[in-house]
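Trainee: Below you'll find the structure I mean.
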Amino acid sequence: MEEPLTSVPPADVDILSTPAAGQAAIRGAVLRIIGYAVGVGLSVIAAALLIRHLGPGDFGRYTAVISLVTIFAALAEAGMTNIGVREYSVLPRERRGPFVAELTGLRLLATAAGVVIAVVFAVAAGYDGEMVAGSAIVGLGMLLLAFQATWMVPLQSQLRLGWVTVLELVRQAVTLAAIALLVFVTASLVPFFWVAPVAALAALVVTVPLVRRLVPLLPSFRGKDRARLLALTVPYAAANAVGAVYIYLAVVVLSLTSTEQQTGYFGASFRVFIVLSAIPGLLVASAFPILARAAHDDESRFAYALQRLSELLFVLGLGTALCTAVGAELAINIVAGSEFKPSVDVLQIQSLALLASFLLAVWGFALLSLSLYRAILVANAAALVISMTLTLALAPSYGAKGAAVATVFGEATLAVGYVTVLFRRRPDLRLSLEIVPRAVAALVPAAAVLLVPGLSQEVRLVAVAGIYALAAWLLGAIPDEIGLALRPRRGE
């Protein structure tokens, strides 16, 4: 019987060269989304325990340390995971092991440098002894996580996405268990910083038996491929950095140009938006190895994958935008409480950005597959300028709603920029718009639910989502491959 967590051929078979790749990616994407939902639930429980135990003061110190180290570690990561997945997907089998060893070495050096800078910054900023120690402890966790994340590259490239999901959940489950234990024993602040390295170590231990036959477990520091890796990483790192700044820029500018209350209203909506906008990245990342391989040696397959992914993400993005607008009040009540009622209108505005968020995930990974780093950088920079300009113009008068409008235009600018550059650089590519009117038509019966009086928020949201999904399927807006991939196989 096939191993349920992999759903792919044995490790000695190159899954990306077989017809099974597409179905494996679809099944894996479903697992990733389920795992993501479970992970969000675990994180919410962990945060609730932590906040209630530490209180506002110590939780503020804890958050400051975690944020500081995470920022520098993220800058050090510089998109190396995505670069690693792409290169592992296209390199000959005999070169993959040395490549991962070199990537591990480079990533460890970069992460170590980031951690040192974070600790030095903590000292220079006047953080107290507990916070400085916490920066070093959390930094150790980031080093272990860099090891583990790089070792997962072969699993992602071979579409063993069930195991990728399990490993992510192991880390989050250990995090919750460790926090719960520390709360039970009424621990002080510093022990909570040790949760990060303990959780990373747990994930690392589980990863080893899965990859020990695929890649060297020790990093390489010989520098043989260092120049090539840097040439691949630096341009993409610049694009990533601009993208990271862009998405959070509205929050920062709003905090400087409007009131704390308006920033709080936007912050509640923004938390929901960030959770939802991460979904398309998970979906497309599941198919990224297929895109990367096809971009390297099969143009017709690349065009086909791009078409199908664009269709699927359009349908999902449209549905997510609708459900977010309909369920905005419910979401804000769950995340922030009834006192944040003004955030409902803000989230309904931001829901318009989600369609662009879903589409730009497809086109961004397509650009990465084609190594068009400069195009990604230019598009991200344009989105940053639009978002910053509109936030500066609208936030003083319209507060959180103005910043939400800026988010919508920023995401739209990014999506248009990606697809424009993609087709300019690859004029042979074409996208059929056949499913667009079908997906839009599916909105009509779903939106009709809003005319039914007396429905609770929960029932209304479920009804809208269910009717949209059913209508999209009946109208032929959902690609056939989805049904084929999710159909039970023999022996299951």
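Trainee: Strictly greater than 37 Å: what percent of every Cα pair in the chain meets that?
Mentor: Numbers: 34451 of 120786 pairs.
Counting pairs separated by more than 37 Å, the tail of P(r) holds 29 percent.
Trainee: At 0.36 nm per residue, and after removing the present C-alpha to C-alpha distance, how many nm does the segment from residue 251 to residue 275 gain when stretched out fully? Write out the running numbers ahead of the final one.
Mentor: Values: separation 24, 0.36 × 24 = 8.64 nm, distance 1.56 nm.
Here the segment from residue 251 to residue 275 would lengthen by 7.1 nm.
Trainee: Please give, to one decimal in nm, the separation of the simple spin-label points placed at residue 430 and residue 185, each 7 Å out from Cα toward the Cβ.
Mentor: Calculated label separation equals 6.7 nm.
Trainee: Here is a further query. With the Cα gyration tensor of segment 188-239 giving a ≥ b ≥ c as the square roots of its eigenvalues, does the rule (a/c under 1.5 for rounded; else a/b larger than b/c for prolate; else oblate) give rounded, prolate or oblate? Provide the component values of the computation, followed by the final result.
Mentor: Details: a/c = 2.87, a/b = 1.47, b/c = 1.95.
Judged from the Cα gyration tensor, segment 188-239 comes out oblate (a/c at least 1.5, b/c at or above a/b).
Trainee: Within segment 261-280, which residues have the backbone N less than 18 Å from the label spot 7 Å out from residue 37 along Cα→beta-carbon, could you tell me?
Mentor: Correct set: 272-280.
Trainee: Now for a separate question. Loop only per DSSP, at most 12 neighbouring Cβ atoms within 10 Å: give me the trypsin sites (Lys or Arg not before Pro) in segment 66-147, ordered by residue number.
Mentor: On the way: sites: 86, 93, 95, 96, 107; in loops: none.
Answer in residue order: no site qualifies.
Trainee: Which is farthest toward the positive dipole end of the chain among 276, 82, 453, measuring Cα position about the Cα centre, with Cβ charges +1 (Lys, Arg) and -1 (Asp, Glu)?
Mentor: Of the options given, the answer is 82.
Trainee: Taking only complete DSSP H runs, can you tell me which helices of the chain stretch 30 Å or more along their own long axis by Cα positions and average at least -1.0 on the Kyte-Doolittle scale? Show your work: numbers first, answer last.
Mentor: Numbers: long enough: 20-77 (52 Å, 1.21); 93-124 (47 Å, 1.06); 129-151 (34 Å, 1.34); 161-184 (34 Å, 1.84); 226-257 (43 Å, 1.45); 260-297 (53 Å, 0.79); 299-326 (40 Å, 0.92); 373-425 (41 Å, 1.12).
Qualifying helices, which must be both long enough and hydrophobic enough, are 20-77, 93-124, 129-151, 161-184, 226-257, 260-297, 299-326, 373-425.
Trainee: Right, another one. Assign unit charges at the C-beta atoms only (+1 for Lys and Arg, -1 for Asp and Glu), then state the dipole size of segment 244-433 relative to its Cα centre in Debye, rounded to the nearest 20.
Mentor: Numbers: 11 positive and 10 negative charges, 78 e Å.
Dipole magnitude for segment 244-433 comes out near 380 debye.
Trainee: Counting each DSSP H run of 4 or more residues in the chain as -39500 (n - 2.57), what helix-only mean residue ellipticity at 222 nm follows after dividing by all residues, to the nearest 500 deg cm²/dmol?
Mentor: Details: 18 runs with 399 residues, N = 492.
Mean residue ellipticity at 222 nm (helix-derived): -28500 deg cm²/dmol.
Trainee: Rounded if a/c is under 1.5, else prolate if a/b beats b/c, else oblate: with a ≥ b ≥ c from the C-alpha gyration tensor eigenvalues square-rooted, which is segment 244-433?
Mentor: On the way: a/c = 2.80, a/b = 1.80, b/c = 1.56.
Prolate is the answer for segment 244-433, as a/c is 1.5 or above and a/b outweighs b/c.
Trainee: Net charge near residue 307: determine it from the other residues with C-beta under 12 Å of the C-beta of residue 307, scoring Lys and Arg +1 and Asp and Glu -1. Each step should come with its number before you reach the end.
Mentor: Working: positive: 301, 308, 430; negative: 311, 434, 481.
Neighbour charge sum, excluding residue 307 itself: 0.
Trainee: Using a simple spin-label model with points 7 Å from Cα along the Cα→Cβ vector, what separation in nm is obtained for residue 51 and residue 341?
Mentor: 2.1
Trainee: 7 Å from Cα along Cα→Cβ at both residue 378 and residue 221: what's the point-to-point distance in nm?
Mentor: 4.0
Trainee: How high is the relative contact order of the chain, in percent, counting Cα pairs under 8 Å that sit 6 or more residues apart?
Mentor: On the way: 692 pairs, mean separation 91.4, N = 492.
Rounded, it is 19 percent for the chain.
Trainee: Fully extended, how many nm does the chain gain between residue 63 and residue 480 (0.36 nm per residue separation, minus their Cα-Cα distance)?
Mentor: Working: separation 417, 0.36 × 417 = 150.12 nm, distance 4.53 nm.
In short, 145.6 nm is gained.
Trainee: If the chain between residue 17 and residue 420 were fully stretched, how many nm would it gain, using 0.36 nm times the residue separation less the Cα-Cα distance?
Mentor: Values: separation 403, 0.36 × 403 = 145.08 nm, distance 2.95 nm.
Length gained between residue 17 and residue 420: 142.1 nm.
Trainee: Applying 1/(1 + (r/R0)^6) with R0 = 30 Å to the Cβ-Cβ distance of residue 261 and residue 241, what FRET efficiency is obtained, to the nearest 0.05? Spell out each step's value before the answer.
Mentor: Details: r = 31 Å, r/R0 = 1.02.
The pair residue 261/residue 241 has a calculated efficiency of 0.45.
Trainee: Need one word for segment 19-224: rounded, prolate or oblate. Basis is the Cα gyration tensor (sqrt eigenvalues a ≥ b ≥ c); a/c below 1.5 gives rounded, then a/b vs b/c decides. Present the calculation step by step, with values, prior to reporting the outcome.
Mentor: Numbers: a/c = 2.50, a/b = 1.45, b/c = 1.72.
It is oblate, given that a/c is not under 1.5 and a/b is not larger than b/c.
Trainee: Please find the FRET efficiency linking residue 228 to residue 70, where r is the Cβ-Cβ separation and R0 is fixed at 35 Å, and quote it to the nearest 0.05.
Mentor: Details: r = 28 Å, r/R0 = 0.80.
So, using R0 = 35 Å, E works out to roughly 0.80.
Each reported figure results from applying straightforward, stated rules to the coordinates on display, with no laboratory input. For clarity, every value in this text was computed on a predicted model and none was experimentally measured. Backbone-built Cβ (ideal geometry, glycine too); neighbour counts: all protein chains shown.
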